[in-house]
1. Stick to Cα atoms and the Kirkwood definition of Rh, then tell me Rg/Rh for the range 1-120.
2. Taking the beta-carbon count within 10 Å as an exposure proxy, list 95, 76, 10 from fewest neighbours to most.
3. Hey, what does the equivalent ellipsoid look like for the range 55-137, semi-axes from the Cα gyration tensor as sqrt of 5 times each eigenvalue, largest first, whole Å?
4. Would you order 13, 131, 80 from fewest to most other beta-carbon atoms within 10 Å of each residue's own beta-carbon?
5. Sorted from fewest to most neighbouring beta carbons within 10 Å, what does the list 24, 115 look like?
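Every number here is computed from the coordinates shown, using simple stated rules; none is lab data. Because the structure is predicted, anything quoted here is derived from the model rather than measured. Glycine gets a Cβ as well: all are built from the backbone with ideal geometry, and neighbour counts include every protein chain shown.
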């Protein structure tokens, strides 16, 4: 996959991740996530084609792992094969969230509000290092990061 400069504003304005030349697997459309399909495409595209130097890829608040698998899938396409996505979240979901983002996409019932085991199951085919932690009270102690993604759902969920 040809690398690109994500600092090229004009190139990014054209949303190259929506190009027919950038194909994604069919399962992206049914993955249980708060992200739109276009957002998943964008994350995969950027992580796969980024010209940024080596560094850690950190995903803060991945919920069920839509951003995590998109980033990891993109890394596998590019020159970063074998890179790991580090995901940090509380990994909890209300019944409403499970209905909206899991069941509506055809996934089976999942008991309880702790979704960490479900996250692990959904991301098992990718290089993911995850920790169940409150990201608001934590600090990154790893090496330099290449890419950080944080999806804030606080207002969008009506809290």
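1. Details: Rg = 15.2 Å, Rh = 15.2 Å.
My calculation puts Rg/Rh at 1.00.
2. On the way: 95 11, 76 17, 10 6.
Final ranking by Cβ density, sparse to dense: 10, 95, 76.
3. Numbers: eigenvalues 110, 45, 17 Å².
Ellipsoid half-lengths, sorted descending, are 23, 15, 9 Å.
4. Values: 13 8, 131 12, 80 23.
With the sparsest Cβ surroundings first, the list reads 13, 131, 80.
5. Details: 24 17, 115 24.
Sorted ascending by nearby Cβ count, the order is 24, 115.
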